[in-house]
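**Q** Please find one structure pasted underneath; my questions will follow.
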Amino acid sequence: MNRRHVLLASFVTVMVCLNAHAIFAEAQNDPALIKSMGSAKVTLQQGLTAAAQQGQPISAKFEVEDGKFQLSVYTSKDGKFSEVIVDYASGKIAKTDAIAEGEDLAAAKSQSAAMAKAKEDLKTAADKAAAQTAGSRAISVTPNLKGGRAVASVTLLDGGKFKTVEQSLE
């Protein structure tokens, strides 16, 4: 691959990450998400454990998509990626969809690359982050590479307000 292709690939990766961050920032200000969290009987960490049946969890988040509240976990298995929807009331897997294209695939590849360097799993990172703020609840965990090191961005819901902390995955 020549230098131009490497630069282009790097630029695309950065743009996908920035776009994902902007979308998530909007979601954090979503009162529907805060309200819906009251109906979640399952923790993010329990969702990660359930989704692990389908592959290695590489990210997870509670979200309101198309007006529906859900717990979405991206997984990786044998070089393929899936979105696992975990029932937020029972903790059982509701459905699994392959991720094969677009921004979701780019995000899954980036998350998988970060998890390849991780020594801890996302559940442990979410547990540690939630323990730092008594009474808070993890609502998302996304791995990334910072300076070549794996870290997880964990968003917590604490008293109706969002707080994002970074947790080392090493």
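**Q** When the stretch 122-152 is examined, which residues are found to be of a type in the set (S, T, N, Q), modelled with pLDDT of 95 or more and part of a helix (DSSP H, G or I)?
**A** Result: THR124, single match.
**Q** Quick one: which residue in GLU63, GLU120 is surrounded by 13 or more Cβ atoms within 10 Å (Cβ to Cβ) and over 25 Å from GLY148 (Cα atoms)? Lay out the reasoning, then the answer.
**A** On the way: GLU120 fails: over 25 Å from GLY148 (Cα atoms).
Within the list GLU63, GLU120, the selection yields GLU63.
**Q** I'd like to verify a number: residues in the stretch 79-99 that are farther than 14 Å from GLN53 by Cα and touching a Leu at 6+ places or on another chain (Cβ under 6 Å), how many?
**A** So the count comes out to 2.
**Q** Another question about this same structure. For the stretch 95-107, does any single residue satisfy the condition of being among the small types (Gly, Ala, Ser), at pLDDT 95 or above and buried (at least 16 other Cβ atoms within 10 Å of the Cβ)?
**A** Checked the stretch 95-107: at least one residue is among the small types (Gly, Ala, Ser), at pLDDT 95 or above and buried (at least 16 other Cβ atoms within 10 Å of the Cβ).
**Q** Any residue in the stretch 158-166 that is free of Cβ contacts under 8 Å to residues at least 40 places away in the same chain and touching a Gly at 6+ places or on another chain (Cβ under 8 Å)?
**A** yes
**Q** Please go through the stretch 132-143 and give me each residue that is closer than 17 Å to LEU48 by Cα and either surrounded by fewer than 20 Cβ atoms within 10 Å (Cβ to Cβ) or out of contact with any Ser or Thr (no Cβ under 8 Å at 6 or more places or on another chain) (or both), ordered by number.
**A** Filtering the stretch 132-143 down to residues closer than 17 Å to LEU48 by Cα leaves 137-143.
Within the stretch 132-143, just ARG137 meets the criteria.
**Q** Name every residue in the stretch 72-106 that is among the hydrophobic types (A, V, I, L, M, F, W, C), within 20 Å of ASP121 (Cα to Cα) and either part of a helix (DSSP H, G or I) or over 16 Å from the mean Cα position of the chain (by Cα) (or both), in order of residue number.
**A** To start, the set of residues in the stretch 72-106 that are among the hydrophobic types (A, V, I, L, M, F, W, C) comprises 73, 81, 84-86, 89, 93-94, 98-100, 105-106.
Still in the running and within 20 Å of ASP121 (Cα to Cα): 73, 81, 84-86, 93.
Correct list: ILE93 only.
**Q** Name every residue in the stretch 147-170 that is surrounded by fewer than 14 Cβ atoms within 10 Å (Cβ to Cβ) and either small (Gly, Ala, Ser) or closer than 12 Å to ALA118 by Cα (or both), in order of residue number.
**A** The answer is GLY147, GLY148, ARG149, GLY159, GLY160, GLU170.
The values are calculated or read from the model by the stated rules, or taken from the named source; none is laboratory data. This structure is a prediction, so every number in the text was calculated from the model and none was measured. Please note: Cβ atoms are built from the backbone with ideal geometry, for glycine as well, and neighbour counts cover all protein chains shown.
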